[in-house]
Amino acid sequence: MKSVISFTDVSLRRNGQAILKGINWDINSNEHWAILGLNGSGKTSLLNIVSGYHFPTTGDVSVLGNKFGKTSLPELRKKIGFVSSSLDRFSQLVNNETIEEVVVSGKFASFGLYEHVSEEDYKKASSLIELMRLSYLKGKSFQFLSQGEKRRVLIARALMSNPEILILDEPCSGLDILSREQLLAIMKDVKQNNCHIIYVTHHIEELVKELTHVLLLHNGEIVAAGPKKEVLIDTKLSKTFEVPVKINWKNDRPWLTL
Ligand SMILES: Nc1ncnc2c1ncn2[C@@H]1O[C@H](COP(=O)(O)OP(=O)(O)OP(=O)(O)O)[C@@H](O)[C@H]1O
């Protein structure tokens, strides 16, 4: 089995604070992970290491066969797509651009088109727009889209550079139930694009069947990491969320009750 991500005894300290402690975590090919944990548990810090923005204080990290310390992190970053939950930054940058322009700019991981874009690139953007079920918005300015539509455009944009890992950081936050389900419905199409999904959320019911594995974080330490059905159990979730919770499965999706 090919290793996609491997963390061995990783810790991260910042300003004297231990943010991540003793992290041992492996993602192998054909696995798609969800990361769950309370605010401040270390999810963002963990993902910042994966995407080469933080260097671990101790331990070994290898991402897509690149061992940290022996690899070019800017080169590695090109293989990792990142869609953040915050739209403000994007919305300001893209202003009047059409969704086609926003998606095609993902080829260069920049906003605005500063480099040559070929006919081929626009064809690819167009097929990604279809894949994300956004064809009805072609020609429309990004700024006029709903939150859910914007998120889907940004996922299409992230796929433009054929990432091998796609990090979705709370992609459904602030979405109503319909927009959330529309976004979750495209997960299987994202998966078909041959990238490994890492999905961060506070809402366990967003763990659609395409996500195969779960990592639970609590105070910078792993509570459990592994196949979804082994990890999503009452005791482990109660420890992670610091409240007694009960898990129920409906149509292969988990739901929590207090
Ligand atoms: N540069 C830093 N210096 C000191 N502490 C930091 C620094 N960066 C993060 N932290 C602390 O590390 C902890 C983990 O933060 P992180 O942002 O990774 O959590 P998170 O799980 O992503 O939280 P959220 O769900 O709220 O986004 C927090 O207590 C945070 O205050």
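The values are calculated or read from the model by the stated rules, or taken from the named source; none is laboratory data. In this text the structure is predicted, and so the values were computed from the model without any measurement. Reconstructed Cβ throughout: ideal geometry from the backbone, glycine too, with neighbour counts over all protein chains shown.
At-a-glance table
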item	result
Residue ranges of strands (runs of 3 or more DSSP E) in segment 171-258 with at least 3 members modelled with pLDDT of 95 or more and buried (at least 17 other Cβ atoms within 10 Å of the Cβ)	196-200, 213-218, 221-227
Flag if Gly52 is assigned by TED's automatic domain parsing to the domain that holds Lys228 and away from the ligand (no atom under 13 Å from the Cβ)	yes
Single residue of Ser91, Ser84 found to be within 11 Å of the ligand (Cβ to nearest atom) and closer than 30 Å to Lys140 by Cβ	Ser84
Counted residues, segment 132-155 - those being in a helix (DSSP H, G or I), hydrophobic (A, V, I, L, M, F, W, C) and closer than 18 Å to Asn96 by Cα	5
Cross-chain or 6+ apart pairs with Cβ under 9 Å, segment 209-236 first and within 16 Å of Phe7 (Cβ to Cβ), then surrounded by fewer than 16 Cβ atoms within 10 Å (Cβ to Cβ) and hydrophobic (A, V, I, L, M, F, W, C)	Leu217/Leu38; Gly220/Ala18; Ala224/Ile233
Filter result (at negative phi, near the ligand (Cβ under 8 Å from one of its atoms), assigned to a loop (DSSP other than H, G, I, E, B) and crowded, with 16+ Cβ neighbours inside 10 Å) within segment 27-46	Ser41
Hey, Ser29 touching a strand residue (DSSP E or B) at 6+ places or on another chain (Cβ under 8 Å), closer than 22 Å to Thr212 by Cβ and of a type in the set (S, T, N, Q) or not	yes
Sole exception among (1) in the same structural domain as Asp121 (by TED's automatic domain parsing); (2) under 14 Å from the mean Cα position of the chain (by Cα) for Pro171, by number	(1)
Residue within segment 11-26 that is of a type outside the set (S, T, N, Q), closer than 19 Å to Arg77 by Cβ, within 15 Å of the ligand (Cβ to nearest atom) and assigned to a strand (DSSP E or B) present	yes
